[in-house]
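Written out below as structure tokens is the structure these notes cover.
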């Protein structure tokens, strides 16, 4: 299985990021990716990604800062509406990077 | 499975003039039952202004206010129905408003230990039957029954 590292971001870096992290990990596995999940708030994002090879950032809270890593909007994972779209967007980033 | 729903954390008929008032009233459930420190409510109010928690779900709009773990003593989830919808800002889209009918306020002490709770709440959000049951529930006992069934 291919490996990747995904950061989920929410306001506190606690509740919503954990919610979507588990779902994304499960669904990435179904799509052939073994994902290492990291959780962050917009404030802790820089320290969380430092020294790690992060492939994609999934945001449940808006992240305006450009940290040089592709960002995907992750609200669909919270509401359950548009989950496929979120997963497609994540996979698109991963496949582009590892093609 | 760790307990998340408690009868004393259920409330209905919350008559709030705005989102802050709703958070303060529902937060009292946590405070008076010892789930949170006396810093919790102010911290949730402050956080909601920066990182909103309104969600438009399948058939109902809700908010899930919460804050950092340092303000929490014991994990739990409040399930509260408002007597009339109150405007919250949408979690993912600044500027977009939702008319929240319910508050699922969260007290989390350790997201890894309580991942089950967190995932069950998320599961309820995404479950049309669960949201219909909450929408239909009128009394606190009915809300409690739905909360036990779908979150536990």
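Here, each number is a calculation from the coordinates, and none is a lab measurement. None of the values given here were measured: they were computed from a predicted structure. All Cβ positions, even for glycine, are placed from backbone atoms using ideal geometry, and neighbour counts span all protein chains on display.
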Point to revise | Prolate/oblate/rounded label for segment A:1-48 (Cα gyration tensor, a/c 1.5) | key: oblate
Practice item. Return a whole-number percent for the relative contact order of chain A, with Cα pairs under 8 Å and 6 or more residues apart as the contact set. Key: 30 percent
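Is the shape of segment B:1-82 rounded, prolate or oblate, going by the alpha carbon gyration tensor and its root eigenvalues a ≥ b ≥ c, with a/c under 1.5 for rounded and a/b larger than b/c for prolate?
Rounded, because the longest to shortest axis ratio a/c is under 1.5.
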**Study point:** Gyration tensor (alpha-carbon) shape descriptor, chain B, a/c threshold 1.5
**Key:** rounded
Practice item. Given the options B:108, B:69, B:23, state which has the largest fluctuation in a GNM of chain B using a 10 Å cut-off (strictly under) for Cα springs. Key: B:69
Point to revise | Length added when fully stretched, residue B:128-residue B:87, from 0.36 nm per residue minus Cα-Cα | key: 12.6 nm
Review point. Just counting partner chain Cβ atoms within 10 Å, what average do the residues of peptide A:74-87 show around their Cβ?
Key: 3
Exercise for review: Evaluate the distance, in nm, between pseudo-label points positioned 7 Å from the Cα of residue B:28 and of residue B:7 along their respective Cα→Cβ axes.
Suggested key: 2.1 nm
Revision key, fill the gap. The FRET efficiency for residue B:113 and residue B:15, from their Cβ-Cβ distance with R0 = 45 Å and rounded to 0.05, is 0.80
Review point. What do you get for Rg/Rh of the protein assembly as shown when both radii come from the Cα atoms and Rh is the Kirkwood radius?
Key: 0.97
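Which order, highest average first, do B:32-41, B:52-61 follow once you tally other Cβ atoms within 10 Å for each residue and take the mean per peptide?
Numbers: B:32-41: 16.4, B:52-61: 20.8.
Top of the packing list down: B:52-61, B:32-41.
To check you understand DSSP bridge types, tell me what percent of the beta bridges within segment B:7-150 (both residues inside) are antiparallel, rounded to 5. Mind showing how you got there, number by number?
Numbers: 14 of 20 bridges.
For segment B:7-150, the DSSP antiparallel bridge percentage is about 70.
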Practice item. Quick one: check the C-alpha center-to-center distance for segment B:110-152 versus segment A:39-99, whole angstrom. Key: 27 Å
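Quickly estimate the mean residue ellipticity at 222 nm for chain B, helices only: each DSSP H run with n ≥ 4 gives -39500 (n - 2.57), and the total goes over all residues, rounded to 500.
On the way: 5 runs with 56 residues, N = 152.
Helix-only estimate at 222 nm: -11000 deg cm²/dmol.
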Check your understanding: Considering only DSSP beta bridges with both partners in the protein assembly as shown, what is the antiparallel share in %, to the nearest 5?
Key -> 40 percent
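So what's segment A:2-98 giving for Cα Rg divided by 2.2 N^0.38 Å, two decimals? Could you put the intermediate results ahead of the total?
Values: Rg = 11.9 Å, N = 97, 2.2 N^0.38 = 12.5 Å.
Normalised Cα radius of gyration, segment A:2-98: 0.95.
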